[in-house]
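For reference, the structure discussed in these notes is given below.
The values are calculated or read from the model by the stated rules, or taken from the named source; none is laboratory data. Because the structure is predicted, anything quoted here is derived from the model rather than measured. Cβ placement follows ideal geometry from the backbone for every residue including glycine, while neighbour counts extend to all protein chains displayed.
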Ligand SMILES: Nc1ncnc2c1ncn2[C@@H]1O[C@H](COP(=O)(O)OP(=O)(O)O)[C@@H](O)[C@H]1O
Ligand SMILES: [Mg+2]
């Protein structure tokens, strides 16, 4: 988790003139922002704005076609940087093995030893109320349980920053609530949170600041209260009124 | 040969566990199981590696693997024969007309089936898992055991299909084994020989055992698939 005094801290993250083109089409263009070491940033924007793309670029799953993504510690490899981050996808990919084994597998990928890995995995399941399901095959868990397991897996990795891509879009209200609680847990434990959502109520509940994307461009980076009371761009205002198509 | 209904005699041979019959069945199982084990050990990681890595000639490797799935057993037998015959490059090993030669020939037959299936299944799974595994810090090489394990039920079905092919083929084992009584005689070659010699009961008895074996293999493959779908999602 984040410790500002650490000499090798991952954050702040500086994104400058970031662009991503695919087959001659510009999907992201001139994106600039800085993420400080604490807080919850919510990514908002209509469908297809580039929210998922932006997070995958920051997480190192895609390579930018222009611009830079600079973590505070320079010169480290993508693989090394990614080890200190975690990402929870809209539909988590879980392995065809038990819940506990899924978390242990993730820890072993990061070189955590067996005994330590077992302890950390059990702690993570416990924290997310999944201990009774530890031996249950992960793929037969309900959607909400699967997402909690994905969060537990991310928790066990102790990331400095957590990306969440519309983690509740397929979930019912109760499961959504537990994901929101989990986001708070990560935040309290000092993990930097970056999350996209299309649920404005959820954005209001969770956001410290908002990144507003539209058509591949970053139109706003604004503190949450400002964004929801007085959006700076006409597009954001239209978006908040519900006038922009998702 | 005793007169009478060849079916009745065949059943009698099976029920009395005739030593000749048991010897032939035993050797068949030993040769085919060994061949399938070797083919799986080599073919599963090979297929997975082809699925995950991009290299020059990869397209040809995939097409070649798929084409080799239909390799006629007699051709596989001929290739191994040329390799192992006295004048061949490995002639000094003296393996021709031994069970080892039969294992080599059947491995050659089964390997493409297992590797091609592994390539296909692992490639599909990688498509689904790639971002998650990369996010968790897995390299492609490290992903191979993860993916093979997650594909285990589809792969077992393929390995069983490979065993079906190995235990039912005649051409390859006949050419490299020579159907020597008590040494390299297996079910399929014995059936061919005994039928042509007119010893129908033994041929029939072996035919029944072979049929049961192949049915058992297919039923197992089916049950494993169903079980996996229900229990693991
Ligand atoms: N891997 C990809 N290849 C090509 N186009 C993509 C890819 N991923 C996303 N896109 C396109 O990029 C745009 C932004 O997508 P995305 O980031 O998923 O939007 P959002 O998450 O904001 O809804 C969309 O027009 C989408 O079709
Ligand atoms: Mg998206």
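For the reader, a short list of remarks on this structure follows.
- Summed over region A:108-133, the residues that are part of a helix (DSSP H, G or I) and either farther than 20 Å from residue A:145 by Cβ or under 25 Å from the mean Cα position of the chain (by Cα) (or both) give a count of 18.
- For residue A:188: the one exception among (1) crowded, with 18+ Cβ neighbours inside 10 Å; (2) at pLDDT 95 or above; (3) over 22 Å from residue A:146 (Cα atoms): (1)
- Residue match in region B:203-211 (condition: within 14 Å of chain A (Cβ to nearest Cβ) and touching a helix residue (DSSP H, G or I) at 6+ places or on another chain (Cβ under 6 Å)): no
- Verdict on residue B:200 being out of contact with any strand residue (DSSP E or B) (no Cβ under 9 Å at 6 or more places or on another chain) and modelled with pLDDT under 95: yes
- The set of residues in region A:43-96 being outside any loop (DSSP other than H, G, I, E, B) and within 15 Å of ligand 1 (Cβ to nearest atom) consists of A:43, A:44, A:51, A:52, A:53, A:54, A:55, A:56, A:57, A:58, A:87, A:88.
- Candidates are the residues of region A:73-87 that are more than 13 Å from ligand 2 (Cβ to nearest atom) and surrounded by 16 or more Cβ atoms within 10 Å (Cβ to Cβ); the one that is farthest from residue A:148 (Cα to Cα) is A:81.
- Out of A:43, A:13, sole residue that is within 16 Å of ligand 2 (Cβ to nearest atom) and modelled with pLDDT of 95 or more: A:43
- Per the listing B:62, B:110, the residue uniquely closer than 19 Å to residue B:43 by Cβ and surrounded by 23 or more Cβ atoms within 10 Å (Cβ to Cβ) is B:110.
- When every residue of region A:64-79 is checked against the conditions, none turns out to be at pLDDT 95 or above and at the interface with chain B (Cβ under 10 Å from one of its Cβ atoms).
- For region B:129-140, the condition of being more than 18 Å from residue B:42 (Cβ to Cβ), surrounded by fewer than 23 Cβ atoms within 10 Å (Cβ to Cβ) and more than 9 Å from chain A (Cβ to nearest Cβ) holds for at least one residue.
- Where residue A:113 falls short, out of the listed (1) at the interface with chain B (Cβ under 9 Å from one of its Cβ atoms); (2) out of contact with any strand residue (DSSP E or B) (no Cβ under 7 Å at 6 or more places or on another chain): (1)
- Condition met for residue A:220 (closer than 16 Å to residue A:33 by Cβ, within 16 Å of ligand 1 (Cβ to nearest atom), free of Cβ contacts under 8 Å to residues at least 60 places away in the same chain and not in a loop (DSSP other than H, G, I, E, B)): yes
- Per the conditions (1) at the interface with chain B (Cβ under 10 Å from one of its Cβ atoms); (2) surrounded by 17 or more Cβ atoms within 10 Å (Cβ to Cβ); (3) closer than 27 Å to residue A:38 by Cα, the sole criterion not satisfied by residue A:138 is (3).
- Among the residues of region B:150-175, those identified as assigned to a helix (DSSP H, G or I) and either out of contact with any helix residue (DSSP H, G or I) (no Cβ under 7 Å at 6 or more places or on another chain) or within 14 Å of chain A (Cβ to nearest Cβ) (or both) are B:150, B:152, B:153, B:154, B:155, B:156.
- Of all residues in region A:162-190, exactly one satisfies the criterion of being more than 14 Å from chain B (Cβ to nearest Cβ), touching a strand residue (DSSP E or B) at 6+ places or on another chain (Cβ under 7 Å) and within 16 Å of ligand 2 (Cβ to nearest atom), namely A:166.
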